[in-house]
1. Which of (1) under 28 Å from A:Glu44 (Cα atoms); (2) among the small types (Gly, Ala, Ser); (3) part of a loop (DSSP other than H, G, I, E, B) is the odd one out, the single condition A:Ser101 does not satisfy?
2. Just checking, how many residues over the range B:202-211 are more than 9 Å from chain A (Cβ to nearest Cβ) and not small (Gly, Ala, Ser)?
3. Quick check on this structure: which one of B:Ser103, B:Ser70, B:Ser81 is of a type in the set (Gly, Ala, Ser), in contact with a Phe, Trp or Tyr (Cβ under 8 Å, 6 or more places away or on another chain) and over 22 Å from B:Ala229 (Cα atoms)?
4. Name every residue in the range A:74-94 that is of a type outside the set (A, V, I, L, M, F, W, C), free of Cβ contacts under 8 Å to residues at least 24 places away in the same chain and more than 14 Å from chain B (Cβ to nearest Cβ), in order of residue number.
5. Identify, from the list A:Leu41, A:Leu21, the residue that is assigned to a helix (DSSP H, G or I) and either touching a residue at least 40 places away in the same chain (Cβ under 8 Å) or surrounded by 19 or more Cβ atoms within 10 Å (Cβ to Cβ) (or both).
6. For residues in the range A:120-162 being hydroxyl-bearing (Ser, Thr, Tyr) and more than 14 Å from every other protein chain (Cβ to nearest Cβ), which is farthest from A:Thr27 (Cα to Cα)?
7. Which one is farthest from the other protein chains (Cβ to nearest Cβ) among residues in the range B:244-253 that are touching a residue at least 24 places away in the same chain (Cβ under 8 Å) and surrounded by 15 or more Cβ atoms within 10 Å (Cβ to Cβ)?
8. Got a number for residues in the range A:5-18 being surrounded by fewer than 17 Cβ atoms within 10 Å (Cβ to Cβ) and farther than 14 Å from A:Leu160 by Cα?
Amino acid sequence: MIELDQRIAEQLTEITLNSSLQVRCGTSNAFLVTASLLEPLVTEFEMGGIYISASRPAPELIDTLTEIGVPLGSIQFIDCVSSALLGGTDNPYTNISYIDSPIMLESILLRTLFHLRQMPTEQNFVVLDSVNALAIYNEERMLAEYLHTFINTFRARDVLTAVVTVPDQTPPSVLANLDLYCTDLIDRGQVVIS
Amino acid sequence: MFGTPQYTRDRCVTGIHGLDEILRGGVPYGSTVLIGGTCGSGKTTMCIEFLVHGAQMGEACAYFAATEPSVKLLENVRQYSFFDMEMVDKGLINVFDMDVLYSWLGLTKATFDRDDIDALVKAITDIVNTIGVTRLVIDSVTTLCYKVPNDQLIRDFLFTLGKTLATQGCTSFLVAEITSAGAKAHWSSFGVEEAILDGIMVLGDIDRMGHLLRYIQVIKMRGTDHSRAKYAVELTPMGVMLTPMLKWGVGSR
C-alpha cells in the first residue's frame, strides 16, 4: 500500500483559495506527490476540482488513485493524452473529457472554465499535471505565456491552482516564470547527486 | 487614456461568454452585424445562443434558415444545454425556412431581380413587425446572395434590409460563409457585404501543428469601442466560450 506524504497535507493548511502552488516533483515520485496533494483537498478540505492530465491517460490515473483510496467523486478529469492513442477514449469513465492534443492550450483553459461552472462544490481547485508534459509539445515562449494566463485566470476566480512540474525536464525560462507567478511552493523534486 | 465617452449607445447583450466583454457591453442596439466564418467555425451555434439569450429575457427572436431545413437545425441545437425547445414552442424563437418563404412569395426563379428582392425584404420586415422581433438571424445571407445576380443588387438588398431592421429596433446577425480566413480572403463571400453593415465578426480556424483551433475576431463594430484581438473559441454544451488567443500561438491571418 502506498503511503501518502502527510507533509503536503500540512502545507496545504497554510494556503488560501486564491493561491497558486508550484508542485515540484521528480520522475519517480510524481504519482505519490499528486496523490498526496489530491487526497487532503478532497477529504479534509471537501473541495471539488479539475485535474488536467497531460502526462498520462486519465483512466490509468483514475484506476491508480481509486486503488489507494482517494475519493474521486468531486473531480472532473481533462485528458490531453488519450485522444492520441488508438482506443484511448474507449473506457467506462464519465468524469473524463478529452482534448485532442496538449497543443490545444486555449481549449484546455476553456474546458476547465466550463467544468468549473458546473462544479457543485463551493471551493474548487485545478491541478495541471504537468508543465514538463506540455513542454514536449509547446514552444517555450508560448508555454510561459500560457502559464501566466492560466494561473491568473484561476486566481482571479478564487480557485486554488496547483501546477505540477518536474524541474529538470522543464525549460529554464518556464521554470523561472513559474517561480514568479506562483505564490507557494511544494518541493518534492528529486535530489540529483553528481 | 481618453477617459469615458460622453455618450454611449444602448447595448444588446449577446449573453455569449466573453463576447460582451470584447464588445465593451454588447452589440449596439439595432446594428446589423456580419458573422463571417469558415465551415464548422461555430457561426450557427453562436447565432442560436444570441437568440436564446434574447428569448430568456422575453424578447421575440427570429431565425431564417437558408442552409439547412429548420427541422435539422433544431435537432442539431437540442444537444446544447442552453437551448430549450420550449422557447420555440412558446413562440419566443421563431424559425423560418427560407425555401418556404420563397415559395410563399412565388420566388421560384434561379436569380432574383429588384422586384423579387423588394418583396423578400418586405416579407422579412412584415414578420419582424408582426411578431415584434428584436433579435434576428439570417443563416446564411451568402446562400441568399447567390440568387442575386450582381454586386449592386446585393449592396442594395443588404443596405435596405439593414436600414429597415434598424428602424424596427431589431439587432441582426447575418451569417456569411467564407471559404478561407487566409491572407487573401475577404470577410464575406461577395466583398460588398462588409462595407455597408454596422459590424463584422469573423470566425475561423488556426492550424497549430495539424490541430484546428477555432477563433473569433471583431473586425468592426460601429458605435462601440471594442477589442480587435483574436480569441480562442470552444463550443461547450453550455454554449460558446472565449479566451484570448495566446500571442505566441497566433499565425498570420
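1. Checking A:Ser101 against (1) under 28 Å from A:Glu44 (Cα atoms); (2) among the small types (Gly, Ala, Ser); (3) part of a loop (DSSP other than H, G, I, E, B), the one that fails is (1).
2. 5
3. Within the list B:Ser103, B:Ser70, B:Ser81, the selection yields B:Ser70.
4. A:Gly87, A:Thr89, A:Asp90, A:Pro92
5. Only one candidate qualifies: A:Leu41.
6. Ranking the qualifying residues of the range A:120-162, first place goes to A:Thr121.
7. Out of the qualifying residues, it is B:Val250.
8. 3
The values are calculated or read from the model by the stated rules, or taken from the named source; none is laboratory data. Nothing here was measured: the structure is a model prediction, and the numbers come from that model. Don't worry about glycine lacking a Cβ; one is built from the backbone with ideal geometry, like all the others, and counts go over all protein chains shown.
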